[in-house]
Structures are given as structure tokens and as C-alpha cells.
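Input: a single structure, listed below in C-alpha cells.
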Amino acid sequence: EVSYGAFGLSTAVFGPVQLPGAWEDYFDPVEHPQGSDVWRPANGFYQACATAADALIAFSSGQSLVCVSQSVGDEQFAWPYARPDTVSTAEGVKSIGGVSMPFNWEAVDGRPIHATLSHELGHNLGLSDLYSPAVFMFNPPTQPRNLGGWDIMGSSGELPHLSLPHRMLLGWIDESDIELFNFQVQVPPVDKVVTLHPAELASPPSGRRHVAEVRVADGWNYYFEYRKRQSSQFADQ
């Protein structure tokens, strides 16, 4: 849905396998950006998983390795976390997008496993978190302007789509569907009506655009998009 059919995903499940060490050999307690203490995969965690599963997995056939761990009670569970890594396998040294997940995530956190895993896979596509640090508006100063539930990289619980700037970054938006206002070269005032097509739907018809981009300076842009839930779709409801 979110890529308008441009990006496909195939998966396979392997295991379970047993790691030889204790919990603390594979996870480090760290402070999450939002303030709580969580268990993050330690250096060597993905290598340990790859070694344990080497006889089961053809590592050349995939790009992401999702390691799902048992938890130790309600306190020690693998906080969802993604980072790139290299692992040595029987096929040689492979670059992977590593993801660590607990098997009982919904029980310990409340968010659906598939929603949070989608967020973590977003990191493997090169996308950053959009929830920290909090960016505040000037008036009133306590109102944050982070995207929150409008982008799965901001909040995954209700399974939003990616915002259109992220889809642009991933190459899923055709350049002709962007209405560009570049004030580095255009002289204001500019007076033009732009009719936006719902972000959930592909291929805007003639006279509509997916997104309006206002380019103010290098690294400083505003983006306008129109969101409208589609009953036939699974996400972005």
C-alpha cells in the first residue's frame, strides 16, 4: 500500500535456535530517547544469531535479519531495535539490516507486533525516527510539532503510512506529481491553487498533485499532503 506497489517484501521463518550464553551476553541496558530503560542488542548479538542459524539460512537470499527472542519475565525483553551490521557466515561476510524483537511484544507493550516491526524495517530502508528529540512550536511553546501518528517512523501503534516526504525519499513519488515552490529562485508573492490527491492513492489524475513542496533554503522545506482513509486498505486508518 505505502509504496503504491513499487516495493515488495518476501519473508521466511527459521528456527528456533539456541544461543549458548546468558541474557546479559547479548543485550545491554540503555536509556531510550523517550526516557525509559530498555534492553538493546549488544555488539555481537546479530553475529551470534547468524552463527546459530547458519545451517538453516541462505544469507545471500535476504537483506534483513529479524531476530526474535524469548523474554526473561516481564522486565527483561528485547526492545525493538534495528541497525545495520555485518556477519560472517558459511557463504562469507554479509551485510544485513539487523532487527531485534521480543516474541511477546504486544503483551509487554500493547502495540501490535506487525506495526512495530514495520517501523523497524523502515530503519533498514534508511529512515530515521521522528519522535525524538521533541520539536516544539513557537506559540504555544509546549505544543510539539513532531509527526506522531501521521508517520510510522513517528508512532507505529495505529499503523500509519509513511508521510509523503519519506515516500519521495524512497523514490515512490513521481516527480511530476510534486508541485514545487522554490523560494530560492522564485520571487514571492506566488498565488496558485494546488489540488492535492489523497496520499493513500497512486497516480493523481490530471490537475492534481500528491504533494506541494515549499523550498525555503537548503535543508529547510515545508510539505503539504492530503490524507483520507481508504476502507479497502489495511493501514493508515
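The values are calculated or read from the model by the stated rules, or taken from the named source; none is laboratory data. What you are looking at is a predicted structure, and each value in this text was computed from that prediction instead of being measured. Note that each Cβ is placed from the backbone with ideal geometry, even for glycine, and that neighbours are counted across all protein chains shown. Side chains are part of the model used for accessible areas, which takes the heavy atoms of the whole protein and leaves out ligands, DNA and RNA. Shrake-Rupley method; radii C 1.70, N 1.55, O 1.52, S 1.80 Å.
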Open item on the list: At 1.4 Å probe size, put T142, T89 in order of accessible surface, largest to smallest.
Closed with: T142, T89
Open item on the list: Heavy atoms of the protein only, probe of 1.4 Å, neighbouring chains included. What is the accessible area of H197 in Å², nearest 10?
Closed with: 20 Å²
Task: Sequence of R229, R145 from largest to smallest accessible area, 1.4 Å probe - done: R229, R145
TODO: Report the residue, chosen from E158, E213, E91, that carries the largest GNM mean-square fluctuation when the chain is represented by alpha-carbon nodes joined by springs under 10 Å.
DONE: E91
- [ ] Return the FRET efficiency for the residue pair K192, D109: r is the Cβ-Cβ distance, R0 is 45 Å, and the value is rounded to the nearest 0.05.
- [x] 0.50
TODO: Report, in deg cm²/dmol and to the nearest 500, the calculated mean residue ellipticity at 222 nm for the chain, where each DSSP H run with n ≥ 4 adds -39500 (n - 2.57) and the sum is divided by the residue count.
DONE: -3500 deg cm²/dmol
Open item on the list: Please give the charge dipole size of the chain, origin at the Cα centre, charges +1 on K and R Cβ atoms and -1 on D and E Cβ atoms. Round to the nearest 20 debye.
Closed with: 680 debye
Task: Highest-first arrangement of 66-77, 38-49, where packing means the average Cβ count within 10 Å - done: 38-49, 66-77
Open item on the list: With a 1.4 Å probe and all protein chains kept in place, how do D151, D129, D177 rank by accessible area, largest first?
Closed with: D129, D177, D151
- [ ] Figure the gain on full extension for S95 and N146 (residue separation times 0.36 nm, minus the Cα-Cα span) and round it to one decimal in nm.
- [x] 15.2 nm
- [ ] Just read off the accessible area of K192 with the full protein assembly in place, 1.4 Å probe, to the nearest 10 Å².
- [x] 120 Å²
Task: Average Cα contact separation per residue, the range 185-233, under 8 Å, 6 or more apart, as relative contact order % - done: 34 percent
Task: Two-site label geometry, Q18 and F183: point separation in nm, points 7 Å out along Cα→Cβ - done: 6.5 nm
TODO: Express the accessible area of the range 133-189 per residue in Å², computed with a 1.4 Å probe while the remaining protein chains stay in the model.
DONE: 62 Å²
TODO: Distance between Cα centroids, the range 32-80 to the range 180-195: provide it in whole Å.
DONE: 48 Å
Task: R0 of 45 Å, Cβ-Cβ distance T86-N221: FRET efficiency to nearest 0.05 - done: 0.85
Task: Chain lengthening between N43 and V135 when straightened (0.36 nm per residue, less Cα-Cα) - done: 30.0 nm
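If you take every DSSP beta bridge fully contained in the chain, what fraction is antiparallel? Give it as a percent rounded to 5.
Counting DSSP beta bridges with both partners in the chain, the antiparallel share is about 60 percent.
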TODO: Quick one: pull the percent of accessible area on the chain belonging to carbon and sulfur, 1.4 Å probe, ligands and nucleic acids left out.
DONE: 53 percent
Open item on the list: Given an 8 Å cut-off on Cα distances and at least 6 residues of separation, report the relative contact order of the range 124-224 as a percent.
Closed with: 19 percent
Task: GNM top mover of A212, A82, A90 - the chain, alpha-carbon springs below 10 Å - done: A90
Open item on the list: Run the simple label-point estimate for R229 and S3 please: 7 Å along Cα→C-beta, distance reported in nm.
Closed with: 2.6 nm
- [ ] Give me the accessible area of L162, 1.4 Å probe, in Å² rounded to the nearest 10.
- [x] 10 Å²
Open item on the list: Pairs of alpha-carbon atoms within less than 8 angstrom and 6+ residues apart define the contacts here; what relative contact order does the chain have, in percent?
Closed with: 13 percent
Open item on the list: At 0.36 nm per residue, and after removing the present C-alpha to C-alpha distance, how many nm does the segment from V30 to D74 gain when stretched out fully?
Closed with: 14.2 nm
